[in-house]
1. Only one of (1) in contact with a Leu (Cβ under 8 Å, 6 or more places away or on another chain); (2) crowded, with 21+ Cβ neighbours inside 10 Å; (3) of a type outside the set (A, V, I, L, M) is not met by Gly60, so which one is it?
2. Mind counting the residues in the range 119-138 that are part of a loop (DSSP other than H, G, I, E, B) and either surrounded by 12 or more Cβ atoms within 10 Å (Cβ to Cβ) or away from the ligand (no atom under 12 Å from the Cβ) (or both)?
3. Hey, can you tell me all the residues within the range 152-168 that are exposed (fewer than 15 other Cβ atoms within 10 Å of the Cβ) and within 23 Å of Val77 (Cβ to Cβ)?
4. Among the residues of the range 90-114, write down those that are at pLDDT 95 or above and more than 15 Å from the ligand (Cβ to nearest atom).
5. Check off (1) in contact with a helix residue (DSSP H, G or I) (Cβ under 9 Å, 6 or more places away or on another chain); (2) over 30 Å from Ala45 (Cβ atoms); (3) in contact (Cβ under 8 Å) with a residue 40 or more places away in the chain for Ile129 and give me the number that stays unchecked.
6. Give just the number: which of (1) loosely packed, with under 12 Cβ neighbours inside 10 Å; (2) closer than 16 Å to Leu67 by Cβ; (3) among the hydroxyl-bearing types (Ser, Thr, Tyr) does Thr102 not satisfy?
7. Any residue at all in the range 38-46 that is within 28 Å of Arg153 (Cα to Cα) and not aromatic (Phe, Trp, Tyr)?
8. Being touching a residue at least 60 places away in the same chain (Cβ under 8 Å), surrounded by fewer than 19 Cβ atoms within 10 Å (Cβ to Cβ) and closer than 30 Å to Gln121 by Cβ, is that true of even one residue in the range 29-41?
Amino acid sequence: MSVDWFIAGAGALALIIVAVRIFRILYNILAPYVFLKPIDLKKRAGASWAVVTGATDGIGKGYCFELAARGFNILLVSRTQSKLDATKQEILAKYPHINVRTAAYDFTDASTSGYQNLLTQLNEVDVGILVNNVGMFHGYPEIVHKIEFGSARDVAVVNTLPPTLVRI
Ligand SMILES: NC(=O)c1ccc[n+]([C@@H]2O[C@H](COP(=O)([O-])OP(=O)(O)OC[C@H]3O[C@@H](n4cnc5c(N)ncnc54)[C@H](OP(=O)(O)O)[C@@H]3O)[C@@H](O)[C@H]2O)c1
């Protein structure tokens, strides 16, 4: 008799665990659409400008459009002025109510004067969000001691200096 009760109890416990798990999965899928409200990023950021590095292609450009949709003014930073201008026009065509500025900077330039010029442009706006998207890696996998010096230097500079120096 006691063995029957033990098996029934274990079965009930297993069913409860499965039910709770299914409930949690359904909650995680449905809650964002049904109960939860999106965070007001502008309120949380406390300022109206967002800075995006590597802003003219791929992931960085995607961030620009998402932030523009949430009402942020955007300061775009990447190397090529023509791409910056084209991206600015694309954003303004879709979100004409925001302001967009551009700053051309090659983050492989680690000079103090280069950074000071960029920081001057950043300090002209009230920045609440920095999306430090710019980054690079070697063109192909290589044994560490065979990596070309210039490539290793650029990877180190581009991946470490912006998050350290582009402070808000
Ligand atoms: N896509 C992926 O699957 C993936 C996966 C893991 C990590 N990531 C990382 O995510 C980031 C974005 O990737 P993505 O694929 O979106 O890149 P992407 O499409 O190649 O775009 C790179 C952007 O960065 C700018 N850029 C490149 N080198 C720069 C430099 N030295 N100084 C300033 N701007 C520079 C480019 O514009 P200009 O050419 O005008 O400068 C462009 O706007 C990168 O850091 C990448 O390493 C990407």
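1. Evaluating Gly60 over (1) in contact with a Leu (Cβ under 8 Å, 6 or more places away or on another chain); (2) crowded, with 21+ Cβ neighbours inside 10 Å; (3) of a type outside the set (A, V, I, L, M) leaves (1) as the failure.
2. As a first pass, look at the range 119-138 and keep what is part of a loop (DSSP other than H, G, I, E, B): 124-126, 133-138.
Next, only the ones that are either surrounded by 12 or more Cβ atoms within 10 Å (Cβ to Cβ) or away from the ligand (no atom under 12 Å from the Cβ) (or both) stay: 124-126, 133-136, 138.
Within the range 119-138, residues that are part of a loop (DSSP other than H, G, I, E, B) and either surrounded by 12 or more Cβ atoms within 10 Å (Cβ to Cβ) or away from the ligand (no atom under 12 Å from the Cβ) (or both) number 8.
3. Quick first cut of the range 152-168, residues exposed (fewer than 15 other Cβ atoms within 10 Å of the Cβ) only: 152-153, 156, 160, 163-165, 167-168.
Of everything in the range 152-168, those that are exposed (fewer than 15 other Cβ atoms within 10 Å of the Cβ) and within 23 Å of Val77 (Cβ to Cβ) turn out to be Arg153, Ala156, Thr160, Pro163, Thr164, Leu165, Arg167, Ile168.
4. Scanning the range 90-114 gives Leu92, Ala93, Lys94, Tyr95, Pro96, His97, Ile98, Asn99, Arg101.
5. Condition not satisfied by Ile129: (2).
6. For Thr102, the failing item is (1).
7. Step one: filter the range 38-46 for residues within 28 Å of Arg153 (Cα to Cα), giving none.
Checked the range 38-46: no residue is within 28 Å of Arg153 (Cα to Cα) and not aromatic (Phe, Trp, Tyr).
8. Residues of the range 29-41 that are touching a residue at least 60 places away in the same chain (Cβ under 8 Å), as a first pass: 41.
Imposing the further condition that a residue be surrounded by fewer than 19 Cβ atoms within 10 Å (Cβ to Cβ) reduces the set to 41.
Add one more test, that the residue is closer than 30 Å to Gln121 by Cβ, and what stays is 41.
Within the range 29-41 (the criterion being touching a residue at least 60 places away in the same chain (Cβ under 8 Å), surrounded by fewer than 19 Cβ atoms within 10 Å (Cβ to Cβ) and closer than 30 Å to Gln121 by Cβ), the answer is yes, since at least one residue qualifies.
The values are calculated or read from the model by the stated rules, or taken from the named source; none is laboratory data. Given the structure is predicted, the values throughout are model-derived calculations rather than measurements. Ideal geometry is used to build each Cβ from the backbone, glycine not excepted, and the neighbour counts take in all protein chains shown.
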